[in-house]
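The values are calculated or read from the model by the stated rules, or taken from the named source; none is laboratory data. Note that the structure is a prediction, hence the values are computed from the model and not measured. Ideal geometry is used to build each Cβ from the backbone, glycine not excepted, and the neighbour counts take in all protein chains shown. Only protein heavy atoms, including side chains, enter the accessible area calculation; ligands, DNA and RNA are left aside. Shrake-Rupley method; radii C 1.70, N 1.55, O 1.52, S 1.80 Å.
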Amino acid sequence: SSTNTTLYIRVDSPDGCAPVIKPIQLLVGAKVTLNTKNATEKICDDDFDGIKTINLNNYLSQFTTQPTVTAGFYSTLIDAQNAQNLMTNPINLTGITTVYIRFTQNGFCPEVATLHLELKTPKKSDVLVDKMICNNSTTTLDAGTGFDAYLWSTGATTSQITNVGVGAYWVELTHNGCVYKQSVEVTANNLPVITGIDINNGVATILVSGGTPPYQYSLDGNLWQSSNVFSNLNWGNYTAYVKDSVEC
């Protein structure tokens, strides 16, 4: 019934006593007041393991902030309506899950709300890698394409940042509603050092240490070779140059 109703119960006694008639009032009570009966939450799987531990209590404020209202979590609507098979909390979210929440409050009828949960996978950059550069030089850090938004630790909002020196950086990559914070580091490469030059009968051999092999060698700074030996040299003054695999 949608209105208040009075029922009468008649009790007859087998010993011949007069029947007893008593009324029972059925009152239509108000349900617990909720801000909404349906809510959807999309949670990002930050560590890419396909599972996220979720405390369902964190989402109750979307439905009500009344301190006297209590809540129970159920996997089916029937369980929530009958207050049976209470779920454990927190839960391990692995995909799309619907949780039914039964709200109760003294003096009110219970109300059931629905919470839809979806685990989403963020996206990280496969092209953004640590770099090694020469002292006092700069490089470009590129996070690549395929993201909805970028935010670098420098404040830049482009897919790449240029003239980057030695240091630690990060970029927040937005994709499909998820933000993944990816770190990258630029370190300084030790310079190669010419430790000696052996000269014998027009043959000069350049000796090097440090830096990142393999090395390239030159006697004019323009023409480079992988061998550290220069033959058939004429008498005169030469300047030896060496650069390593990082072009230092």
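Take the residue pairs Lys31/Lys120; Lys37/Lys181; Lys52/Lys123; Lys31/Lys52; Lys42/Lys124; Lys120/Lys181 and return only those whose Cα atoms are more than 24 Å apart.
Flagged as over cut-off: Lys31/Lys120; Lys37/Lys181; Lys31/Lys52.
Taking K and R as +1 and D and E as -1, what net charge do the other residues with C-beta under 15 Å from the C-beta of Ala188 add up to?
-3
Provide Met132, Met87 ordered by accessible surface of protein heavy atoms (probe 1.4 Å), highest first.
Met132, Met87
Place a point 7 Å from the Cα of Lys37 along the Cα-to-Cβ direction; which residues of segment 1-29 have their backbone N under 18 Å from it?
Taking a point 7 Å out along Cα→Cβ of Lys37, the residues of segment 1-29 whose backbone N falls under 18 Å are 1-3, 28-29.
Quickly work out the Asn163-to-Thr239 label distance, labels modelled 7 Å from Cα along the C-beta direction, and quote it in nm with one decimal.
Output for this residue pair reads 2.7 nm.
Using every pair of alpha-carbon atoms in segment 52-195, split the distances into 5 Å bins beginning at 0 and state the percent of pairs per bin, rounded to integers.
Calculated P(r), rounded to whole percents: 2, 8, 14, 13, 10, 8, 8, 8, 8, 7, 6, 4, 3, 2, 1, 1, 0, 0.
In segment 43-81, which chymotrypsin sites (Phe, Trp or Tyr not before Pro) are in a loop and have at most 13 other Cβ atoms within 10 Å, using DSSP for the loop call?
Hits after loop and neighbour filter: Phe48.
Please compute the per residue accessible area over segment 143-197 with all protein chains in place, 1.4 Å probe, rounded to a whole number of Å².
Accessible surface, normalised per residue, equals 53 Å².
What is the ratio of the Cα radius of gyration of segment 25-89 to 2.2 N^0.38 Å, where N is its residue count, to two decimals?
This ratio for segment 25-89 stands at 1.42.
Give me the one-decimal nm value for the distance between modelled label points at Thr174 and Thr53, 7 Å along each residue's Cα-to-Cβ direction.
3.0
Expected output is a single nm value to one decimal: the length gained when fully extending between Gln25 and Gln182, i.e. 0.36 nm times separation in residues minus the C-alpha distance. What is it?
Taking Gln25 through Gln182 to full extension adds about 50.0 nm, to one decimal.
Give me the accessible area of Thr140, 1.4 Å probe, in Å² rounded to the nearest 10.
Solvent-accessible area, nearest 10 Å²: 50 Å².
From the phi of every residue in segment 110-117, what ³J(HN,Hα) in whole Hz does the Karplus formula 6.51 cos²θ - 1.76 cosθ + 1.60 yield, where θ is phi - 60° and glycine or proline is x?
So the J values, rounded to whole Hz, are x, 10, 10, 10, 10, 10, 9, 10.
Work out the P(r) tail for segment 114-239: percent of alpha carbon pairs separated by more than 20 Å, whole number.
Of all Cα-Cα distances in segment 114-239, 61 percent exceed 20 Å.
Between Ser75, Ser227, Ser137, which gets the highest mean-square fluctuation from a Gaussian network model of the chain, Cα cutoff 10 Å?
Comparing Ser75, Ser227, Ser137 in a Gaussian network model of the chain, the most mobile one is Ser227.
At 7 Å along Cα-to-Cβ for each site, give me the label-to-label distance between Thr104 and Thr138 in nm.
6.6
Of the residues Asp12, Asp130, Asp45, which exhibits the maximal mean-square fluctuation in a Gaussian network model of the chain defined by a 10 Å Cα contact cut-off?
With Cα springs under 10 Å in the chain, the top fluctuation among Asp12, Asp130, Asp45 is at Asp12.
Most fluctuating residue of Val166, Val203, Val129 in a GNM of the chain with Cα springs under 10 Å: which is it?
In this elastic network of the chain, the residue with the biggest mean-square fluctuation among Val166, Val203, Val129 is Val203.
How much length would be gained if the chain were fully extended between Lys131 and Val193, taking 0.36 nm per residue of separation minus their Cα-Cα distance, in nm to one decimal?
Separation in residues times 0.36 nm, less the Cα-Cα distance, equals 20.2 nm.
Given contacts defined as C-alpha pairs under 8 Å and at least six residues apart, what's the relative contact order of the chain, whole-number percent?
In percent, rounded to a whole number, it is 13.
Given a 1.4 angstrom probe, what's the average accessible area per residue across segment 24-117, in square angstrom?
59
Normalised by the residues of segment 130-240, what does the relative contact order come to in percent, with Cα pairs under 8 Å and at least six apart?
20
Using Cα-Cα distances under 8 Å and only pairs 6 or more residues apart, what relative contact order does segment 177-238 have, in percent?
27
When every alpha-carbon pair in the chain is counted, what percent end up more than 29 Å apart?
Tail fraction, whole percent: 64.
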